[in-house]
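Only one structure is covered here, and it is reproduced in the block below.
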């Protein structure tokens with residue numbers, strides 16, 4: 001791989017190409033987050049508790065595969081670079097495994113559960129094999145921090161648009177393509193998203209370049225981990241990230257159940273090709289995008305951690321109010337949901353920027369540059385939060401006596417309302433309270449950056 005010290009600004013095409021890569025990832029992850037639990041329980045016929053357990057257990061594989069894939073990609077040397085080749089090589093297997101996940105074969109109850117374990121594990125391995133190198137590509141796409149920041153902004157916008165596309169069009173497509181057969185509808189819909197993902201990943205591969213060869217790492221894994229864990233603000237930030245992601249994913253995993261059984265909607269169209277599930281999901285995701293776009297202006301006026309505290313508390317209050325709204329006031333539910341997800345857009349954007357703040361603070365305190373480890377460990381925590389958040393609704397459904405595709409008891413309806421509103425509110429409240437202990441403010445960070453600049457300049 002050629003080491004190009006190219007400090008020229010990234011072209012618009014390259015920033016778009018890089019950003020689109022996360023849209024391809026979110027076609028699948030957004031689809032899984034919104035519909036996988038519902039698909040397993042109401043379509044494929046797996047019990048809620050078994051599905052929830054499966055979603056948690058399979059994350060053990062992630063604990064191994066994430067760092068392993070990082071080690072493999074770091075040691076890859078090809079004519080296309082270290083990380084870009086995986087966008088080319090893994091795209092097709094990634095697409096095929098996603099299709100197999102929603103194939104819906106006619107098996108026994110035990111056979112269905114085994115099939116779910118195997119296919120979900122394989123598709124998450126494929127996701128790791130393509131997403132870890134994609135994320136690492138950012139570090140070598142340009143030697144200029146400002147250019148990498150711009151590429152990150154494009155990534156977030158396209159990631160949000162990918163999830164929004166899924167939220168808006170998935171349920172209409174399942175209904176349209178399936179013609180009343182949900183198994184067929186899910187199978188054909190995932191084919192469409194699979195093909196789009198392959199084409200987009202290949203475009204990302206073709207439109208990006210690796211310009212920087214990372215310097216050899218001098219310290220051991222044990223030393224780096226020790227330095228990271230001693231960074232108290234990073235520990236607090238990771239804890240907050242886990243809590244808010246658990247809350248958000250649990251809420252999104254509950255949407256289909258909430259609309260079907262509490263709002264009593266059976267998929268009737270309410271706007272163009274959109275049913276109530278699609279309307280609620282897409283409005284929320286639009287709110288998230290708005291929140292992300294307004295974050296820089298807010299961060300210029302307020303301390304980042306104070307903003308997170310405030311947004312978390314506001315989100316919890318909005319969810320508490322939403323719990324009291326009767327099912328016939330769907331428009332009010334949409335408004336409260338969208339405002340809540342808007343606050344999450346601010347929170348998650350701040351979290352990503354603060355991970356790099358923690359990396360610099362850690363280097364200032366210990367003298368060890370562990371930026372890669374800091375960010376990758378932070379990302380794993382978010383995946384862990386997603387796993388817990390995706391599984392918790394299944395356990396709640398089982399505990400409150402939910403029976404798929406039946407008229408639900410009052411207790412089951414209460415469980416659905418709790419998992420859609422109160423459960424996420426508790427996690428957002430806890431995340432806000434935890435951030436009260438975060439200590440890297442704007443003044444501290446300015447001192448850290450100035451001293452690190454002097455060290456590097458004299459080193």
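The values are calculated or read from the model by the stated rules, or taken from the named source; none is laboratory data. Model, not experiment: these values are computed from the prediction. Because the Cβ atoms are built from the backbone with ideal geometry, glycine has one as well, and the counts that use them run over all protein chains shown.
Note on the stretch 252-311: residues that are outside any helix (DSSP H, G or I) and touching a strand residue (DSSP E or B) at 6+ places or on another chain (Cβ under 7 Å) amount to 5. Note on the stretch 79-98: residues that are buried (at least 18 other Cβ atoms within 10 Å of the Cβ) and under 29 Å from residue 50 (Cα atoms) amount to 4.
Among helices (runs of 4 or more DSSP H) entirely within the stretch 1-75, having at least 1 residues that are modelled with pLDDT of 85 or more, surrounded by 15 or more Cβ atoms within 10 Å (Cβ to Cβ) and in the same structural domain as residue 128 (by TED's automatic domain parsing) singles out 12-38, 48-57.
Scanning the stretch 229-246 for any residue that is in contact with a helix residue (DSSP H, G or I) (Cβ under 6 Å, 6 or more places away or on another chain), buried (at least 19 other Cβ atoms within 10 Å of the Cβ) and more than 21 Å from residue 433 (Cα to Cα) turns up nothing. Of all residues in the stretch 98-111, at least one satisfies being under 19 Å from residue 22 (Cβ atoms) and part of a helix (DSSP H, G or I). Can you confirm whether residue 316 is within 21 Å of the chain's Cα centre (by Cα) and modelled with pLDDT of 90 or more? When the stated conditions are applied, residue 316 passes them.
With respect to residue 126, is the statement that it is at pLDDT 85 or above, surrounded by fewer than 22 Cβ atoms within 10 Å (Cβ to Cβ) and within 24 Å of residue 30 (Cβ to Cβ) true? Here the answer is yes, as residue 126 does meet what is asked.
Criterion applied to 157, 123, 132 was being assigned by TED's automatic domain parsing to the domain that holds residue 196, over 20 Å from residue 17 (Cβ atoms) and part of a helix (DSSP H, G or I), and the one residue passing it is 123.
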